[in-house]
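Asker: Sharing a structure, written as C-alpha cells. Questions coming.
No lab work stands behind these numbers, since they all come straight from the coordinates. All values reported here derive from a predicted model rather than from experimental measurement. Because the Cβ atoms are built from the backbone with ideal geometry, glycine has one as well, and the counts that use them run over all protein chains shown.
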Amino acid sequence: MACKKLKKFYQILTFNNLPFLSEGHKDGLIKIEDLWKSYGKIIGVAGLSMSIFPGEIHGLIGPNGAGKTTTVKCIVGLLRPDKGSITVFGRDVSRDYSYKRFIGYLPETPSLPDYLTPKEFLGYVARIRGVEPGGETRRRVSEFMSLFELEEYENRFIIELSKGLKQRLALATVFIHEPRLVILDEPFIGLDPEGQRLVKNLVRRIVEDGGATLICTHMLDMAERFCTHVTIINKGRSIATNSVNAIKEMAGLDSSNTLEEAFFRIVGVEKTHEVRAYSNT
C-alpha cells in the first residue's frame, strides 16, 4: 500500500472533539479493577486488575483459555462482569454506553454480513459510529476502500471475498470513525505482511496523538517488537504488567533476552507454585 495513501489518511485522522475524550485520565483510558467473570462453574476471569494509559500499545498475552478474549468482551460491553469495575475514558461501562462510539474494536472472529458489499458495509458502520452522513461518510468510505486496497471489490458481496480481504474490511471498520482507543483481538491473523504493516502504522498514529491500543495476541515476537507494555494473564489473573523491558527484568532476564523467554519463565513459576501448593494439600 502506497505511503501516499497512508499520509492522506493521517490528514483526516483527527480525534472527535468531545470533552471526555480530551480529559487527562490519571487512572488510564481503560481501568479494570477486580474483574470476575464465570461461565457456569468455569471461571473465565478471576480478580483481574490492569490499566492502559494514553500513548501505550498494550499487549494482552497469555496461554489459551487464560481469559484474554473474555476480558476484551467485558471492556466493549459484549459480556457483563459478575464482579468488579471497568472504566473507559473515565466512564463506567456498565452504566454509560457513550464510550462505544469512540472506540474501535476487532473481535477474534469478525462477523460480517454476507450480502452487503464492502462499500455498503463501511458506509453503514461509519453512520452508526457517528460520522456525519452524506458527503463526509462517502469521503471516509472512499478513503478507507483505497487505504485497505478494497476498491476492486467494492461492489462484490462480502461472502465472495477471501479470508484476507474480509480481515482487511473488518480492520477498516475499526478505524473509519477516528477512534482514540483501539481494541484488537488477534488482528494479524489472515493478513499479509503489507496489511500487517498498515495496521501497525495506523495504530502508531493513534498512539502518537494521545490514544492507546490494546492487542490480544499469541504472537510474542510481534508483541515484543510492537508493544510498549504487556500484561501477562494466566487462569484469569494478571501475573505481570509493565513495559516490555520491565517484564524481562521481573523474570530475572535482561534486554538481550526475548519476551517469549520472560513469558515462559513467569508462567512457569506460576505453575510451579500451583504444583507445590497442590502437593502440600
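Asker: Please work out the FRET efficiency for the pair ASP192 and MET250, using the Cβ-Cβ distance as r and a Förster radius of 41 Å; give the result to the nearest 0.05.
Answerer: It comes to 0.75.
Asker: Please compute the length gained on full extension between GLU154 and SER243, using 0.36 nm multiplied by the number of residues separating them and subtracting their Cα-Cα distance.
Answerer: Between GLU154 and SER243, full extension yields an extra 28.0 nm.
Asker: Picking from LEU78, GLY47, GLY211, whose Cα lies most toward the positive end of the charge dipole for the chain (charges on Cβ: Lys, Arg +1; Asp, Glu -1)?
Answerer: Projecting each Cα onto the dipole axis, the largest value belongs to LEU78.
Asker: Pairing the Cα long axis of helix 193-208 with the longest principal axis of the chain, what angle in degrees results, from 0 to 90 and rounded to the nearest 10?
Answerer: 80 degrees
Asker: Kindly write out, for segment 127-143 in residue order, the coupling ³J(HN,Hα) from the Karplus curve 6.51 cos²θ - 1.76 cosθ + 1.60 (θ = phi - 60°), rounded to whole Hz, with x marking Gly and Pro.
Answerer: 5, 6, 8, x, 5, 4, x, x, x, 5, 4, 4, 5, 4, 4, 4, 4
Asker: Cα axis of helix 3-12 to longest principal axis of the chain: angle in degrees, 0 to 90, nearest 10?
Answerer: It works out to around 90 degrees.
Asker: Net charge near LEU122: determine it from the other residues with C-beta under 12 Å of the C-beta of LEU122, scoring Lys and Arg +1 and Asp and Glu -1.
Answerer: +3
Asker: Which of ALA172, ALA251, ALA223 moves most in a GNM of the chain, Cα contacts under 10 Å?
Answerer: Looking only at ALA172, ALA251, ALA223, the biggest GNM fluctuation is shown by ALA251.
Asker: Multiply the residue separation of ARG204 and GLU132 by 0.36 nm, subtract the distance between their alpha-carbon atoms, and state the gained length in nm to one decimal.
Answerer: Value of the extension gain: 23.4 nm.
Asker: Any chance you could give the angle, 0 to 90 degrees and rounded to 10, that helix 163-175 forms with the longest Cα principal axis of the chain?
Answerer: It works out to around 90 degrees.
Asker: Under a 10 Å cutoff between Cα atoms, tell me which one of HIS58, HIS229, HIS218 has the largest fluctuation in the Gaussian network model of the chain.
Answerer: HIS218
Asker: What ranking, highest mean first, results for peptides 93-106, 117-130 when packing means the other Cβ atoms within 10 Å averaged over each residue?
Answerer: Details: 93-106: 17.2, 117-130: 18.8.
Those peptides, ordered most packed to least, come out 117-130, 93-106.
Asker: Just list whichever of LYS31/LYS83; LYS31/LYS100; LYS41/LYS83; LYS100/LYS163; LYS73/LYS248 have alpha carbons separated by over 18 Å in the model shown.
Answerer: Beyond 18 Å: LYS100/LYS163; LYS73/LYS248.
Asker: Compute the separation of the alpha-carbon centres of segment 188-211 and segment 65-97 and state it in Å as a whole number.
Answerer: Centre-to-centre (Cα) distance: 24 Å.
Asker: With +1 assigned to the C-beta of every Lys and Arg and -1 to the C-beta of every Asp and Glu, and no other charges, what is the dipole magnitude of the chain about the Cα centre in debye, to the nearest 20?
Answerer: 420 debye
Asker: Let me ask another. Just subtract the alpha-carbon distance of THR109 and ASN257 from 0.36 nm times their residue separation and send over the number in nm, one decimal.
Answerer: Full extension of this stretch gives 50.0 nm more.
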